[in-house]
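Participant: Sharing a structure, written as structure tokens. Questions coming.
The values are calculated or read from the model by the stated rules, or taken from the named source; none is laboratory data. None of these values were measured; they are calculated from a predicted model. Using ideal geometry, Cβ is built from the backbone for each residue, glycine included, and neighbour counts are taken over all protein chains shown.
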2 protein chains.
Amino acid sequence: MDGIGDRPDDRIEGKTVLQYATMKNLDGFAKKGMNGIMDPIAPGIVPGSDTAHLALLGYNPYEVYTGRGPFEAAGIGIKLKEGDVAFRCNFAAVDEKLVVKDRRAGRIKQGTNELAKAVDGMKIDDVEIIFKEAVEHRGVLVLRGKALSSNLSDVDPHSNNIRIHESKPLSVDAKRTADILNKFVKESYAILKNHPVNIKRNRNNLPPANIILPRGAGIFPRMRSMDEKYRLSSACIAGISLVKGVCRLAGMNIIDVKGATGGVDTNIDAKIKVAMSALNKYDFVVVNIKAPDLFGHDGDVSGKVKMAEKIDKALEPLKELDCLKIFTADHSTPVTVKNHSADPVPITITGKSVRVDDVKNFDEISCAKGALCRIQGMGLMNIARDLTNRSEKFGA
Amino acid sequence: MDGIGDRPDDRIEGKTVLQYATMKNLDGFAKKGMNGIMDPIAPGIVPGSDTAHLALLGYNPYEVYTGRGPFEAAGIGIKLKEGDVAFRCNFAAVDEKLVVKDRRAGRIKQGTNELAKAVDGMKIDDVEIIFKEAVEHRGVLVLRGKALSSNLSDVDPHSNNIRIHESKPLSVDAKRTADILNKFVKESYAILKNHPVNIKRNRNNLPPANIILPRGAGIFPRMRSMDEKYRLSSACIAGISLVKGVCRLAGMNIIDVKGATGGVDTNIDAKIKVAMSALNKYDFVVVNIKAPDLFGHDGDVSGKVKMAEKIDKALEPLKELDCLKIFTADHSTPVTVKNHSADPVPITITGKSVRVDDVKNFDEISCAKGALCRIQGMGLMNIARDLTNRSEKFGA
């Protein structure tokens, strides 16, 4: 339940969303389960959705997360290799002096596929260029070659009416990669400025998508798959590409569910149904429901309460499901903060092997009194393996 | 509240000092706050006041604390440079065979300033000697030069009627530093034995302060300031120089408060008043009240109870202060132990953003049931930053 952890809010009697919402099923799981609170990464560290999911899957984000690029790339289905350097990109409109006129190219919706194809596949100094469009004006650039570095500053100036930035190497070994990146950006302008898609846009008085602005460089590290780490066949059900990307990099199978939009209209019932049947095939299935986080970012307390209650209803079929079940969040997104916070998240684990405590409600305060006390996200998969008797003994 | 954590004591109905004392304000903060227990360093590790304060400020004492010397030096106002090796010292009385007759030189109170000046500023093998007197027979020695090591045994034999020790290098790279230190000690005897202060002491039948005995070598590490680490302007209000020293090394501003003695007679009201007005200038103010620790060391249970109640009264003005407030201790000093212990300390955090739990009393047992569960000291500043919405997200 993405971002469902919260802080007290005066609009709901000084309670948190989970304390205020009426949640028959989650409270029921808490009653039958073992409860606690969890720091997704570490106390006081504010997680992103990507770093949090990495940690919950047992990866140390400080080791494997060098930037958002590779996770975006994986999210849109690019198969990365160790050493690839990936960037988030925008199609943007620049003038002939490379001053940015619209860094989202009018939020272009059509034709980015053709524009992407026009730059994809080229080579610069023996480095292979992979470029793929994403939603609207977004795309992902991957540099594939030897001895590349992600220690680079952004080309995207992050606002309009400024000239595009030259990417600067932030360490000596990054100089060559910065040169290649800067060449790519100039090349993208040369190729895109007269592309038929842009000629048509100019004719229609729309800002052209005549350059590609990379940011958020990250190098794809060696990441052992979930199967290698835990000997678990595993699958992910998520609406948003960032979470799919993390799970794909972890070697998990991505199951697409009809109606799982990653938005507030997402079909939670469908996700639960698919997850339950996926358990016939996989040892471990993770389901991400993004919507609570969106209400948190919007500061919409009543929307978040209703969403918590909607999720709770959708969990009804899980009452009959006989397996180890873990209910938690990747981070808190307090409606009073409108952003992620480091506040620990509640966690409830149910199943035959768990120590049942006397916690009666699934919320941040009640769960803190449970038998799990306060744990860290990176230990969660080990706990789950142990509770399903899959772990090997360390020592004799 | 230095050393306020405790263990049960039969003299107060088997309760801890905090359980037994009547504390209207601290209990009030606990009721309105988020509570827990905290291991200042780690479970089972007995903190010093210096290492505990380092940890609570977010520094790993295992990285930055190599010995007490640098912290004593900073405490008496010596500005250290990275690589300086500092020692705690005593002025002592030795005979001509360098056998220690009184390792505190009769707890000499006057003239140490002149004696210190007589040895301060000399050079031994290109190494600069900085020496400054502290309270009574105490002083601090700093060696400043290239490639020094703190991996040395003490010169101070730690009891009378024993010859002074030669400092021995405890690793190969410390040999030169040991030689310089031993030369300094002999030189101090040569200079001080006929110093006018000692001629006068001999005449008055007082033990001469005719040698300097170093101990507790420590090398001053690179330490990022609080401002660098957390982007917080910060100040420290403390009676004792050890705590001031830690805060000074952390780049904090030291505010001296009239009547803040570091003793049992300290003016707590004045400290609280100054702290509250300091918050107009600084983002973060830490106040240390040493007295509970002193009663702990003395095993004076009723004294410690009364001091807890006195502190509680002095905290009254904080009820009206609108900011994030943290009430805790640097370590436990149980009256039954008469020394520091590793028992976790209670912690209460109040402020708009905190998750209020149902803890009603500020003590070691009640707080353990709160929404913070059990945390470690090194995470505390990150938690405080997050609760005041100052943290940056790690990831997306």
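Participant: Just to be sure before I move on: is A:Arg11 over 24 Å from A:Pro169 (Cβ atoms), charged (D, E, K, R), within 14 Å of another protein chain (Cβ to nearest Cβ) and part of a helix (DSSP H, G or I) in the structure I sent?
Facilitator: Yes, satisfied.
Participant: Taking region B:358-394, which residues are more than 23 Å from B:Thr333 (Cβ to Cβ), among the β-branched types (Val, Ile, Thr) and within 7 Å of another protein chain (Cβ to nearest Cβ)?
Facilitator: Selection gives B:Ile383 alone.
Participant: Given (1) facing chain B (nearest Cβ under 9 Å); (2) closer than 17 Å to A:Ser341 by Cα, identify the lone condition not met by A:Gly5.
Facilitator: It is condition (1) that A:Gly5 fails.
Residue by residue, here is whether (1) in contact with an Asp or Glu (Cβ under 9 Å, 6 or more places away or on another chain); (2) without any contact (Cβ under 8 Å) to a residue 40 or more places away in the chain; (3) away from chain B (no Cβ under 14 Å); (4) part of a helix (DSSP H, G or I) holds:
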| site | (1), (2), (3), (4) |
| --- | --- |
| A:His53 | yes, no, no, yes |
| A:Glu63 | no, no, no, yes |
| A:Ala74 | no, no, no, yes |
| A:Glu82 | no, no, yes, no |
| A:Ala86 | yes, no, no, no |
| A:Phe91 | yes, no, yes, no |
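Participant: Determine whether region B:345-358 contains at least one residue that is surrounded by fewer than 24 Cβ atoms within 10 Å (Cβ to Cβ), among the hydrophobic types (A, V, I, L, M, F, W, C) and closer than 16 Å to B:Gly36 by Cα.
Facilitator: yes
Participant: I've got another one for you. Take A:Val257 and tell me if it is assigned to a strand (DSSP E or B) and surrounded by 15 or more Cβ atoms within 10 Å (Cβ to Cβ). Walk me through it before giving the result.
Facilitator: Numbers: assigned to a strand (DSSP E or B): no; surrounded by 15 or more Cβ atoms within 10 Å (Cβ to Cβ): yes.
The answer is no for A:Val257.
Participant: Would you confirm, using the coordinates I've provided, whether B:Val305 is surrounded by 23 or more Cβ atoms within 10 Å (Cβ to Cβ), in contact with a Phe, Trp or Tyr (Cβ under 8 Å, 6 or more places away or on another chain), at pLDDT 95 or above and more than 14 Å from chain A (Cβ to nearest Cβ)?
Facilitator: Taking the combined requirement at face value, the residue satisfies it.
Participant: Test of understanding: among A:His158, A:His165, which residue is touching a Pro at 6+ places or on another chain (Cβ under 6 Å) and either under 28 Å from A:Glu82 (Cβ atoms) or not in a strand (DSSP E or B) (or both)? Break it down into steps so the answer makes sense when it comes.
Facilitator: Values: A:His158 fails: touching a Pro at 6+ places or on another chain (Cβ under 6 Å).
When all the criteria are applied, what remains is A:His165.
Participant: Of everything in region A:384-396 that's assigned to a loop (DSSP other than H, G, I, E, B) and of a type in the set (A, V, I, L, M, F, W, C), which residue is surrounded by the most Cβ atoms within 10 Å (Cβ to Cβ)? Walk me through how you get there before you give the answer.
Facilitator: Going residue by residue through region A:384-396, those that are assigned to a loop (DSSP other than H, G, I, E, B) are A:388-396.
Restricting the remaining residues to those that are of a type in the set (A, V, I, L, M, F, W, C) gives A:394, A:396.
On the way: A:Phe394: 5, A:Ala396: 3.
For region A:384-396, the residue satisfying everything is A:Phe394.
Participant: Within region A:20-48, can you find the residues that are in a helix (DSSP H, G or I), in contact with a Ser or Thr (Cβ under 8 Å, 6 or more places away or on another chain) and buried (at least 21 other Cβ atoms within 10 Å of the Cβ)?
Facilitator: A:Leu26, A:Phe29, A:Ala30
Participant: Looking only at region B:322-345, which residues are touching a helix residue (DSSP H, G or I) at 6+ places or on another chain (Cβ under 7 Å) and farther than 21 Å from B:Ile12 by Cα?
Facilitator: Initial filter on region B:322-345 (touching a helix residue (DSSP H, G or I) at 6+ places or on another chain (Cβ under 7 Å)): B:324-327, B:330-331, B:333-335, B:338-339.
If the condition is that a residue be touching a helix residue (DSSP H, G or I) at 6+ places or on another chain (Cβ under 7 Å) and farther than 21 Å from B:Ile12 by Cα, then B:Leu324, B:Lys325, B:Ile326, B:Phe327, B:Asp330 are the ones that fit.
Participant: Something else: Answer yes or no: is there a residue in region B:185-205 that is in contact with a Phe, Trp or Tyr (Cβ under 7 Å, 6 or more places away or on another chain), more than 15 Å from B:Leu141 (Cα to Cα) and crowded, with 20+ Cβ neighbours inside 10 Å. Lay out the reasoning, then the answer.
Facilitator: First pass over region B:185-205, keeping only residues in contact with a Phe, Trp or Tyr (Cβ under 7 Å, 6 or more places away or on another chain): none.
Within region B:185-205, none of the residues are in contact with a Phe, Trp or Tyr (Cβ under 7 Å, 6 or more places away or on another chain), more than 15 Å from B:Leu141 (Cα to Cα) and crowded, with 20+ Cβ neighbours inside 10 Å.
Participant: Right, another one. Any idea which of A:Asp6, A:Asp27, A:Asp39 is touching a residue at least 40 places away in the same chain (Cβ under 8 Å), charged (D, E, K, R) and in contact with a helix residue (DSSP H, G or I) (Cβ under 6 Å, 6 or more places away or on another chain)?
Facilitator: On the way: A:Asp27 fails: in contact with a helix residue (DSSP H, G or I) (Cβ under 6 Å, 6 or more places away or on another chain); A:Asp39 fails: in contact with a helix residue (DSSP H, G or I) (Cβ under 6 Å, 6 or more places away or on another chain).
Result of the check over A:Asp6, A:Asp27, A:Asp39: A:Asp6.
Participant: Which residues, taken from region B:225-240, are surrounded by fewer than 20 Cβ atoms within 10 Å (Cβ to Cβ) and either touching a Pro at 6+ places or on another chain (Cβ under 6 Å) or polar (S, T, N, Q) (or both)?
Facilitator: Once the filter is applied, which keeps residues that are surrounded by fewer than 20 Cβ atoms within 10 Å (Cβ to Cβ) and either touching a Pro at 6+ places or on another chain (Cβ under 6 Å) or polar (S, T, N, Q) (or both), region B:225-240 yields B:Ser225, B:Ser233.
Participant: Also, I was wondering about something else. Kindly check whether there is at least one residue in region A:232-239 that is more than 30 Å from A:Gly259 (Cβ to Cβ), in contact (Cβ under 8 Å) with a residue 24 or more places away in the chain and out of contact with any His (no Cβ under 6 Å at 6 or more places or on another chain).
Facilitator: Start the filter on region A:232-239 by keeping residues that are more than 30 Å from A:Gly259 (Cβ to Cβ), which leaves none.
No, there is no match, as no residue in region A:232-239 is more than 30 Å from A:Gly259 (Cβ to Cβ), in contact (Cβ under 8 Å) with a residue 24 or more places away in the chain and out of contact with any His (no Cβ under 6 Å at 6 or more places or on another chain).
Participant: I've got another one for you. Where residues in region A:206-217 are small (Gly, Ala, Ser) and buried (at least 24 other Cβ atoms within 10 Å of the Cβ), which of them is modelled with the lowest pLDDT?
Facilitator: If we filter region A:206-217 for residues that are small (Gly, Ala, Ser), which is where we start, we get A:209, A:216-217.
Now drop any that are not buried (at least 24 other Cβ atoms within 10 Å of the Cβ), which leaves A:209, A:217.
On the way: A:Ala209: 97, A:Ala217: 94.
So, considering only residues that are small (Gly, Ala, Ser) and buried (at least 24 other Cβ atoms within 10 Å of the Cβ), the one modelled with the lowest pLDDT is A:Ala217.
Participant: If you don't mind, another one. Looking at region A:189-212, which of its residues are touching a Ser or Thr at 6+ places or on another chain (Cβ under 9 Å) and either closer than 25 Å to A:Leu80 by Cα or small (Gly, Ala, Ser) (or both)? Steps first, please.
Facilitator: Filtering region A:189-212 for residues touching a Ser or Thr at 6+ places or on another chain (Cβ under 9 Å) gives A:197, A:209-212.
Within region A:189-212, A:Ala209, A:Ile211, A:Ile212 meet the criteria.
Participant: Give the residue that is farthest from A:Arg104 (Cα to Cα), with candidates limited to residues of region A:154-169 that are in contact with a Ser or Thr (Cβ under 8 Å, 6 or more places away or on another chain) and buried (at least 16 other Cβ atoms within 10 Å of the Cβ).
Facilitator: Going through the qualifying residues, I end up with A:Pro169.
Participant: Continuing with this model, one more query. Can you find even one residue in region B:74-96 that is under 24 Å from B:Ile349 (Cβ atoms) and either β-branched (Val, Ile, Thr) or surrounded by 21 or more Cβ atoms within 10 Å (Cβ to Cβ) (or both)? If you could, list the steps in order and put the result at the bottom.
Facilitator: So in region B:74-96, the residues under 24 Å from B:Ile349 (Cβ atoms) come out as none.
No, region B:74-96 contains no residue that is under 24 Å from B:Ile349 (Cβ atoms) and either β-branched (Val, Ile, Thr) or surrounded by 21 or more Cβ atoms within 10 Å (Cβ to Cβ) (or both).
Participant: Right, another one. Has region B:288-298 got any residue that is surrounded by fewer than 17 Cβ atoms within 10 Å (Cβ to Cβ) and assigned by TED's automatic domain parsing to the domain that holds B:Asp27? Spell out the reasoning first.
Facilitator: Of region B:288-298, the ones surrounded by fewer than 17 Cβ atoms within 10 Å (Cβ to Cβ) are B:297-298.
If we keep only those that are assigned by TED's automatic domain parsing to the domain that holds B:Asp27 too, we end up with B:297-298.
Scanning region B:288-298, I find at least one residue that is surrounded by fewer than 17 Cβ atoms within 10 Å (Cβ to Cβ) and assigned by TED's automatic domain parsing to the domain that holds B:Asp27, so the answer is yes.
Participant: In region A:126-153, what count of residues is obtained for those that are surrounded by fewer than 18 Cβ atoms within 10 Å (Cβ to Cβ) and either in contact with a His (Cβ under 7 Å, 6 or more places away or on another chain) or over 20 Å from A:Leu80 (Cβ atoms) (or both)?
Facilitator: Final tally of qualifying residues: 2.
Participant: A follow-up question, please. Looking at region B:134-149, is at least one residue closer than 20 Å to B:Arg201 by Cβ, out of contact with any Asp or Glu (no Cβ under 7 Å at 6 or more places or on another chain) and either outside any loop (DSSP other than H, G, I, E, B) or polar (S, T, N, Q) (or both)?
Facilitator: Scanning region B:134-149, I find at least one residue that is closer than 20 Å to B:Arg201 by Cβ, out of contact with any Asp or Glu (no Cβ under 7 Å at 6 or more places or on another chain) and either outside any loop (DSSP other than H, G, I, E, B) or polar (S, T, N, Q) (or both), so the answer is yes.
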